[in-house]
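The block underneath contains the structure these notes are about, expressed in structure tokens.
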Amino acid sequence: MKEDLLIVDAYNMIGNWPHLNKLKQANRLEDARDQLLAELSEYKKYRDINMIVVFDAMYVPGNSKSFRKFDMEIVWTSKDQTADSYIEALAHRKQNRFTQVIVATSDQAEQWTIFAAGALRIPARELLRDVQRAKQEVDTEARKMTDQGQVFRHTPFDAKQLLELEKLRDKMMHDGQ
């Protein structure tokens, strides 16, 4: 059985998920990025899926790096590379008999290259629905357990607290170097 790898075109999600696009339009792009990562982190836990989130450097010039955060790989492309070209190359490298690559994008041009690599595509709005559905399933299960008198604790922190803790950890790691 193949292991799934979800590659997310981050700015494509921000532009197509209404609540994140609203933040972007209000000049709160950093908040939109943080919210996207928090939601994808929760989704990753609910679905137990490997995930790589790719940000196009056009919004952060000169910032090329890859690191782990929220138990996901976060990639910022180099200033001369689009997220699309990075994702297309990554899909070709990662798609094999052991790994099924799924690319989350609403970019129609990108989908043909993705399909040619043998990868699958999920549109941005469909991923949003699945993220919301996964959370509802976990919440429903938690309510059932609580109704039966069982203790259900997914995490002691909410998404905002986890984000603040992650920022604090990053600052401490940066200051300690």
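The values are calculated or read from the model by the stated rules, or taken from the named source; none is laboratory data. What you are looking at is a predicted structure, and each value in this text was computed from that prediction instead of being measured. Using ideal geometry, Cβ is built from the backbone for each residue, glycine included, and neighbour counts are taken over all protein chains shown. Keep in mind that these areas ignore ligands, DNA and RNA; they rest on the heavy atoms of the full protein, side chains included. Shrake-Rupley method; radii C 1.70, N 1.55, O 1.52, S 1.80 Å.
With a simple spin-label model that places each label point 7 Å from the Cα along the Cα-to-Cβ direction, the separation between Glu166 and Asn50 comes to 2.0 nm. Taking every DSSP bridge with both residues inside segment 3-137, close to 20 percent are antiparallel. With the whole protein complex present, Lys45 retains an accessible surface near 100 Å², based on a 1.4 Å probe.
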